[in-house]
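Visitor: Got a structure for you, questions after.
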Amino acid sequence: MTTTAAELEQIASWLRNANYVTVLTGAGISTESGIPDFRGPDGVWTKNPAAEKTATLQYYMSDPAVRRLAWQNRVKSEMWTAEPNAAHRALVDLEHKGRLQTLVTQNIDGLHHAAGQSPEIVVEIHGNVRDAKCMTCDWHGPMAATLERVREGEDDPGCRLCGGILKSATISFGENLVAADLQRSQIAAGRADVFLAIGTSLAVFPAAGLPDIALRNNARLVILNAEETPFDPVADVVVRDQLGTVLPALVALV
Ligand SMILES: [Zn+2]
């Protein structure tokens, strides 16, 4: 299914006339940067369910073997060499055109920042991999320095202040979201005239709650995702095209 020129122009006109645009992005926007998604058919956890334990707080905190595996995965992660793609850059252009006020992302890869998006408009609802944090005291610092300790032979580096367990500053399964980030996302969804859901299956809370808030406040809902989402029937337009192609084409019309 290919989006027609008329559909793209329709979305562009909504964006041109909007006072407040909120974008939500998920794993689909980063797959063209070589970052695998986790739950899809070729996802990391689908192919290797044991790896999911490394992202589950209960296992991470209780099992040193899970932590050692997690640190090995972090050292080898594609995220350190991944580059933003044309879809990330299109959202930077949209911001420069004054038509992107808040960008909520489920991604932890930091590629929106790397693309040049203003950090103050980005809400990383699931945290990010750039930082490490202590699970006992409130220490946090750059992930790169902690990974250096792993490369030098510490297989489960502890907090140098309190000896506590260190973890990436991402939200694991079983871990609470940062309340302020969730609130910012919900407020941005409520203020939106146009809400774009990009590369997300809209199946997992809190992402799944945001389009509902936008629709209740009479926003236009546009979904750009390769696969079906539960919100397709209520969306104003659904776009299935490859994001690295269709997003630049859309933003060029704004
Ligand atoms: Zn500590």
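The values are calculated or read from the model by the stated rules, or taken from the named source; none is laboratory data. From a predicted model like this one, the values you see are computed outputs, not experimental measurements. Every residue, glycine among them, receives a Cβ derived from its backbone with ideal geometry; neighbour counts consider all protein chains shown. Remember, those area values only see protein heavy atoms, side chains included, never the ligands or the DNA or RNA. Shrake-Rupley method; radii C 1.70, N 1.55, O 1.52, S 1.80 Å.
Visitor: Out of the total accessible area of the chain (probe 1.4 Å, heavy atoms of protein only), what percent is carbon and sulfur?
Guide: So the carbon and sulfur contribution to the accessible surface is 51 percent.
Visitor: Determine the per residue accessible area of segment 1-142 with all protein chains present and a 1.4 angstrom probe, expressed in square angstrom.
Guide: Here the residues of segment 1-142 average 47 Å² of exposed surface.
Visitor: OK, next. Highest GNM mean-square fluctuation, the chain, Cα pairs closer than 10 Å: which of 58, 117, 106?
Guide: Looking only at 58, 117, 106, the largest GNM fluctuation is found for 58.
Visitor: Under 11 Å from the Cβ of residue 166, count the other residues' Cβ atoms, weight Lys and Arg +1, Asp and Glu -1, and hand me the total.
Guide: Counting the neighbours of residue 166, the net charge comes to +3.
Visitor: With a probe of 1.4 Å, find how much accessible area segment 204-248 has per residue, and write the answer as a whole number in Å².
Guide: 47 Å²
Visitor: Could you order peptides 227-236, 196-205 by the average number of other Cβ atoms within 10 Å of their residues, highest first?
Guide: With the highest mean Cβ count within 10 Å placed first, the list reads 196-205, 227-236.
Visitor: So what does the Cα-only Debye profile of the chain read at q = 0.08, 0.13 Å⁻¹, as log10 I(q)/I(0), no solvent term?
Guide: -0.33, -0.82
Visitor: Report for the chain the percent antiparallel among DSSP-assigned beta bridges with both residues inside it, nearest 5. The partial results should precede the final answer.
Guide: Values: 8 of 29 bridges.
Bridges in the chain that DSSP calls antiparallel: roughly 30 percent.
Visitor: If you only keep lysine pairs separated by 8 or more in sequence, or across chains, how many in the chain come under 29 Å at the Cα atoms?
Guide: 9
Visitor: Could you sort 141-149, 183-191 so that the peptide with the highest average Cβ count within 10 Å comes first and the rest follow in order?
Guide: The packing order, highest mean first, is 183-191, 141-149.
Visitor: Show me the helices of the chain, taken as full DSSP H stretches, that run 27 Å or more along their long axis by Cα and average 0.0 or above in Kyte-Doolittle hydropathy.
Guide: none
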